[in-house]
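Below you'll find the structure, written out as structure tokens, and then a few comments.
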Amino acid sequence: MMQKSKGPFKVKIIVGFHKPYWMPTDKMYLPLRLGAALEEDDSDTRFGKMGASYERDDTGDNISGLNRTFCELTGLYWAWKNVDADYIGLVHYRRYFKGRRKKNLSMSILKYEDIKDRLGTVKIFLPPKRRYFIETLYSHYAHTHEADHLKITRAVLAKKYPQYLPSCDRVYHSRSGYMFNMMIMEKELLDEYCSWLFDILFILKDKISTEGLSDYQRRIFGRISEILNNIWLDHQIETGRIKKENIRELPLIYMEKPKWGEKIPAFLKAKFLGVKYTRSF
């Protein structure tokens, strides 16, 4: 585990994006164009200055070509393999961690100054847990996607990482969990987490077919990874590898208002009527 006691700590947070959008200016943010390998038009015309100024996830050691099923994880993989920093994080172009409250929305986004005094003590920054109340993480996934995905995931864990099964069962039955694959994590821990995560996902990729699925539903491995993230964290805490005081939850800030008027009815239809999600809200 990192023993560095004196700063400054170097923090790099990937901002995953796939279309032109405003980007924060704090130097700890690193905008990354996701799914770049899949773009038919390799010119940067659509992105303007963004195309020439920002990194692409199809450079260096990358899995950019898997973006349609791995979603923002192509950005996490790229950061893991290509970024040198004491802490590495991932956020989305429309969803950030929140810092000190300002009148201007964009100025309220987390800045290095907001967390610098916690670095070295806090090893993982995460969003608040999302609570489902009338659903478990397993039943919510089963209602909005396919239960077989999680059954296959548990079988892979049983074979390759059986020590994680108690955590898997606890997480499957939990009514809350960390979502969005958002984090800021100490590099050594990120190395361990990504080695474990992508080992499992690459196995699942060969076991779960995405043929015939809609663009939304084929984002399977990005969805499963949210569950796996909680399983990994639960195991680290249970075994004492990470202490609860080493984890800090940070509030979220949305650049666009969540569509609760559409999301809540879709959530209820999925649970009670078996209507699968067809898009993000």
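The values are calculated or read from the model by the stated rules, or taken from the named source; none is laboratory data. Computed from a predicted structure; not experimentally measured. Using ideal geometry, Cβ is built from the backbone for each residue, glycine included, and neighbour counts are taken over all protein chains shown.
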TODO: Restricting attention to region 43-66, report how many residues are assigned to a loop (DSSP other than H, G, I, E, B), more than 20 Å from residue 196 (Cα to Cα) and at pLDDT 95 or above.
DONE: 4
TODO: Within region 118-151, work out how many residues are surrounded by fewer than 16 Cβ atoms within 10 Å (Cβ to Cβ), under 21 Å from residue 253 (Cα atoms) and out of contact with any Ser or Thr (no Cβ under 6 Å at 6 or more places or on another chain).
DONE: 3
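Specify which of the listed residues (103, 81) is surrounded by fewer than 22 Cβ atoms within 10 Å (Cβ to Cβ), free of Cβ contacts under 8 Å to residues at least 40 places away in the same chain and assigned to a loop (DSSP other than H, G, I, E, B).
Answer to the selection: 103.
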Task: Selection count where residues are closer than 25 Å to residue 123 by Cα and touching an Asp or Glu at 6+ places or on another chain (Cβ under 9 Å), scope region 61-78 - done: 4
Task: Lone unmet requirement of (1) within 18 Å of the chain's Cα centre (by Cα); (2) closer than 30 Å to residue 30 by Cα for residue 141 - done: (2)
Open item on the list: I'd like the residue in region 67-122 that is of a type in the set (Gly, Ala, Ser) and more than 17 Å from residue 12 (Cβ to Cβ) and, out of all such residues, is modelled with the lowest pLDDT.
Closed with: 106
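Does region 159-176 include one or more residues that are among the acidic types (Asp, Glu) and within 20 Å of residue 221 (Cα to Cα)? Full working, then the answer.
Applying the first criterion (among the acidic types (Asp, Glu)) to region 159-176 yields 169.
After this cut, where a residue has to be within 20 Å of residue 221 (Cα to Cα) as well, the list is 169.
Looking through region 159-176, at least one residue is among the acidic types (Asp, Glu) and within 20 Å of residue 221 (Cα to Cα).
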TODO: Please work out if residue 222 is part of a helix (DSSP H, G or I) and at pLDDT below 95.
DONE: no
Open item on the list: On the basis of being in contact with a strand residue (DSSP E or B) (Cβ under 6 Å, 6 or more places away or on another chain), touching a residue at least 60 places away in the same chain (Cβ under 8 Å) and in a loop (DSSP other than H, G, I, E, B), does residue 125 make the cut?
Closed with: no
- [ ] Report, by residue number, each residue of region 84-100 that is surrounded by fewer than 19 Cβ atoms within 10 Å (Cβ to Cβ) and not small (Gly, Ala, Ser).
- [x] 84, 86, 94, 95, 98, 100
Task: Only one of 134, 184, 203 that is part of a strand (DSSP E or B) and either touching a Gly at 6+ places or on another chain (Cβ under 8 Å) or not aromatic (Phe, Trp, Tyr) (or both) - done: 184
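Among the residues of region 18-40 satisfying the criterion of being in a loop (DSSP other than H, G, I, E, B) and among the aliphatic types (A, V, I, L, M), which is nearest to residue 88 (Cα to Cα)? Working first, answer last.
In the first step, residues of region 18-40 are kept if they are in a loop (DSSP other than H, G, I, E, B); the result is 18-28, 34-35, 39-40.
If we keep only those that are among the aliphatic types (A, V, I, L, M) as well, we get 23, 28, 34.
Details: 23: 18, 28: 9, 34: 17 Å.
Ranking the candidates gives 28 first.
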- [ ] Please enumerate the residues belonging to region 156-181 that are assigned to a strand (DSSP E or B) and farther than 14 Å from residue 247 by Cβ.
- [x] 176
